[in-house]
Structure formats: C-alpha cells, structure tokens
Amino acid sequence: MAYTPNNTALYDAALGGALGAIGNAPSVNGAGQPAGIAQVAGAFAQELDTVWGTIPATDLDVKSALAAAFGYFSGKTIRVNSTTTTPLTYLAACTSIVAFMQAGDTFVGTQGVTPQGLFLVPPVSLAAGGTANLLTLPVNNIWANSTGAQDTVLLPIAPNNGDVVMVKMDGASVASPVLVTARGGFTVENPGNAGNYSPANGNVTITSQGQNVWWQFQSANGRWGIITNA
C-alpha cells in the first residue's frame, strides 16, 4: 500500500540510514533480495515518520533520523518476512528514537542554537499598522512590528493540512499586540491560553516582546494549533 510521508526529508533519511546498515549486515534470507530489504527499511522509515507526525523537521532532525536508523539496524541479522516488513513492528523503537530527537531539539534551544530548517522561508516584515493577507503556502513567516500601531495577520482562507504560519513580535518595545485572525470558518489556538481556541473566524493576539508563535493547520478539526510559543 502506498504511503504518503508527513515529512519527506525525515522519511528519506530514515530509509537511507536503514538501507545503508542493512546492506552491510549479516542476513538470513535477505541476501540477494534487495527488494525485500528495501521493504524492511521502508517499514521502519514509515513508522519513524508516523511517530514523528506533521511537525516540521529541521536539518538536525533529519540527520538524527538517518543516524538513528543506521544505528538501529547495524550489526543485526535481518530476516525479510511479514513481521520485519510491517511498520508497527518498529513502534517501540521509533517512539524511543523520536523522544531522543526531541530532546536534542530542546538541548540546542537551551544553548541558543537554531537548527538549520529545511522548511524555513525568508521572513516578510510588516510596518507598524500593516496587514498580512496570507496565501496558502507550506510556510508563511511574518515578522510583525510591535512598536507602533497594531499589525494584523490574516491566516490563509483555504490552508492545506500541515501548513505552518510563523509570527514573530519584532521590536524593542510593545505598543500594540499583534492581531491574528482565522478565516475560512476555521479556529486558531490562543497563545495566551494554551489549548483554547477562538471561535470560527475569530481573533487571538501575541502580546509579549520578542514572542514567536508557530501555528500548524489540522484539517481534520479545522483549526490552527500552536506547535511553538516562545
């Protein structure tokens, strides 16, 4: 059955790491069966990508996925069968790996290091009193001016599942909060009250100096949920 990755770069890295390790590992019935070995690697990559979910992956995450996949299969005797080619076989291992990957992200954050993002686009800066009418894109990156009249960010009307909007409060002082407005009948999570959402087509605000909020769209529930609020 075809699989559509949540994060193609992460999936590819896990697949490549697994293939690299399996290709050098002893095999009971995988020798001469590259297609079967690819199915094993693909099952692992699918489960890692599934456990990771739709959170955008940085360059660090992708490199960690490749290294973790290689390490997991290194030196193992590989059997190609219905168990090893089933993604859920690797649920426990992938859950542990993702926990370590997330810990790595947290660590570099505490060190003041921003991992290179595979998904980042240059920011669009708003003048004081400006309005950003966002289009449907995988990533919108807005730096709002907090030092003058209120800036407004209008979220995309017809977003795709997994799309990300990043809004940074840019300025040495806060004269006005940034107004973020949901459209298309959708809701948006409140940065000042985590877990709570606006009404359909409602508003929330970003109020703190330097605050940086990332929302991701979840089509199943028709809402923009916060994935980063710092």
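The values are calculated or read from the model by the stated rules, or taken from the named source; none is laboratory data. In this text, all values refer to a predicted model and were calculated from it rather than measured experimentally. Here the Cβ positions follow ideal geometry from the backbone for every residue, glycine too, while neighbour counts run over all protein chains shown.
A few notes on this one:
- For the stretch 216-226, a residue qualifies if it is aromatic (Phe, Trp, Tyr) and modelled with pLDDT of 95 or more, and exactly one does: Trp224.
- Breaking point among (1) loosely packed, with under 15 Cβ neighbours inside 10 Å; (2) in contact with a helix residue (DSSP H, G or I) (Cβ under 7 Å, 6 or more places away or on another chain); (3) part of a helix (DSSP H, G or I); (4) not charged (D, E, K, R), for Tyr72: (1)
- Counting only residues that are closer than 24 Å to Gly148 by Cβ, among the acidic types (Asp, Glu) and modelled with pLDDT of 95 or more, the stretch 161-212 holds 0 of them.
- Only one entry in Thr106, Thr54, Thr77 is within 17 Å of Ala9 (Cβ to Cβ), of a type in the set (S, T, N, Q) and modelled with pLDDT under 95, namely Thr54.
- Residues that are small (Gly, Ala, Ser), at pLDDT 90 or above and within 28 Å of Val165 (Cβ to Cβ) within the stretch 57-74 comprise Ser64, Ala65, listed in sequence order.
- Of everything listed in (1) β-branched (Val, Ile, Thr); (2) closer than 22 Å to Asp105 by Cα; (3) surrounded by 15 or more Cβ atoms within 10 Å (Cβ to Cβ), the single unmet condition for Val121 is (3).
- Contacts under 6 angstrom Cβ, first residue in the stretch 215-229 being farther than 16 Å from Leu134 by Cβ, partner among the aliphatic types (A, V, I, L, M), 6 or more apart: Ile227/Ile55; Asn229/Val213
- Residues considered: Thr131, Thr86. Of these, the only one that is surrounded by fewer than 16 Cβ atoms within 10 Å (Cβ to Cβ) and not assigned by TED's automatic domain parsing to the domain that holds Asn190 is Thr86.
- Given (1) in a strand (DSSP E or B); (2) surrounded by fewer than 19 Cβ atoms within 10 Å (Cβ to Cβ), number of the condition Val167 does not satisfy: (2)
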